[in-house]
Each structure stands twice: as structure tokens, then as C-alpha cells.
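Colleague: I have a structure here, written as C-alpha cells, and I will follow up with some questions on it.
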Amino acid sequence: MTIKTHCKEETRKLGLLLSKKLEPGDVILLTGDLGAGKTTLVSGVAEGLKCGEDVISPTFNIMKCYFKGSLPLYHIDAYRLEGQNIEIGLDEYIEGDGACFIEWPQFIEKLIPDEHLDIKLEHLGGDERQITLSSDSPRFETIIAEIAEAGK
């Protein structure tokens, strides 16, 4: 499914819709250039989970955890892990009791489970984004269909 958002609030709203479908152990891979809207999308998820905290990019921390909501939210930015030893305990969160969003997942590929949701964000200029959701998992395919229906 591919949708176009025209402002940050629409990108956040997509995250909010997604948050209603998440379960413990869900892994969502976020791809897109710097500034594509990955953290904006996760902030919508955090809002939907009632985390009660502002979401900031975990670029310099590698991971930010939000525990106050209805489901733990783990936000990993693997950008700085390219070519590094990735045996630093991230698998405990990826396979953990919350929903795990991973930016730059190609740098920690061997930690990614087979069942995951892919979200590709493309910057089209200004605040416009093209966002593509895809998965080989029947569960996530159902979620994609439900989000598409809710967005009509």
C-alpha cells in the first residue's frame, strides 16, 4: 500500500492508525533518507500508545525506550552501527515485549526477524511524503489492509 501525506500531521496520523494494531513483539522497519519523516511517524505511534513523552530521534543514543504507554515502544536508529559489532543487546528489545521500530535496518540485518512490517518513506518536497507499507507476513498484510480501509 502506498499513500501520500501532505503535512507532518498526516504522517503522524498514519503512525496513530498503526499504533492501534500493534502487539508485543511487533517489528517495524523504517527506511528513507534523512528527514524523510521516520521519527514523525514514530511520534504518531507514541501518541496512539499514550506514551506521554515527546519522541526524539535516537540517532546519537542508538535507542530510545518509551515505557509509559499501553505497550512499550522501542525506537532504534542503527545508522551509526554500520560495520560495527552489533552484539550489544538490541536483540532483547527487538524480540521483546513491546513494538520495535528500527531506522536503517540494513545495518543490523542479522537481528531482524522474518516477520516484520516494512515502511518506506520518501521525501517528495516540502512536507509531502510517499509512504509505502509492505510485508510478507499474513498478520501485517491484514494490518496494511485495515489501515488502507481506515484511510478511505
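Each value in this text was obtained by applying a stated rule to the coordinates, not by laboratory testing. Since the structure is predicted, the reported quantities are computational estimates derived from the model, not experimental observations. Positions of Cβ are backbone-derived with ideal geometry, glycine not excepted, and every protein chain shown enters the neighbour counts.
Colleague: For the ranges 132-140, 41-49, what's the packing order if you count other beta-carbon atoms within 10 Å of each residue, average per peptide, and put the highest first? Working shown, then result.
Modeller: Working: 132-140: 15.6, 41-49: 24.3.
Highest mean packing first, the order is 41-49, 132-140.
Colleague: Under the 0.36 nm per residue contour assumption, what length would be gained going from the current alpha-carbon distance of residue 123 and residue 92 to full extension?
Modeller: That works out to 8.0 nm of additional length.
Colleague: Using amide H atoms built 1.01 Å from N in the peptide plane, name the residues 5+ places from residue 103, or on other chains, whose amide H lies under 5 Å from its own.
Modeller: Answer set, sorted by chain and number: 30, 76, 77, 78.
Colleague: Calculate, in nm to one decimal, what residue 62 and residue 142 gain on full extension: separation in residues at 0.36 nm each, minus their alpha carbon distance. Please report the intermediate quantities before stating the final value.
Modeller: Details: separation 80, 0.36 × 80 = 28.80 nm, distance 3.03 nm.
Full extension from residue 62 to residue 142 adds 25.8 nm.
Colleague: Another question, then. Please arrange 51, 65 by counting, for each residue, the other beta carbons lying within 10 Å of its beta carbon, fewest first.
Modeller: Lowest to highest Cβ neighbour count: 65, 51.
Colleague: Using Cβ contacts closer than 10 Å as the measure, can you line up 80, 12, 129 from fewest to most? Intermediate results must be reported in sequence, preceding the final value.
Modeller: On the way: 80 14, 12 22, 129 25.
So the ranking, lowest neighbour count to highest, is 80, 12, 129.
Colleague: Of (i) 1.04; (ii) 0.96; (iii) 1.21, which one was derived for Cα Rg over 2.2 N^0.38 Å from the structure shown?
Modeller: This structure yields the entry labelled (ii).
Colleague: Counting each DSSP H run of 4 or more residues in the chain as -39500 (n - 2.57), what helix-only mean residue ellipticity at 222 nm follows after dividing by all residues, to the nearest 500 deg cm²/dmol?
Modeller: It comes out at -8000 deg cm²/dmol, rounded to the nearest 500.
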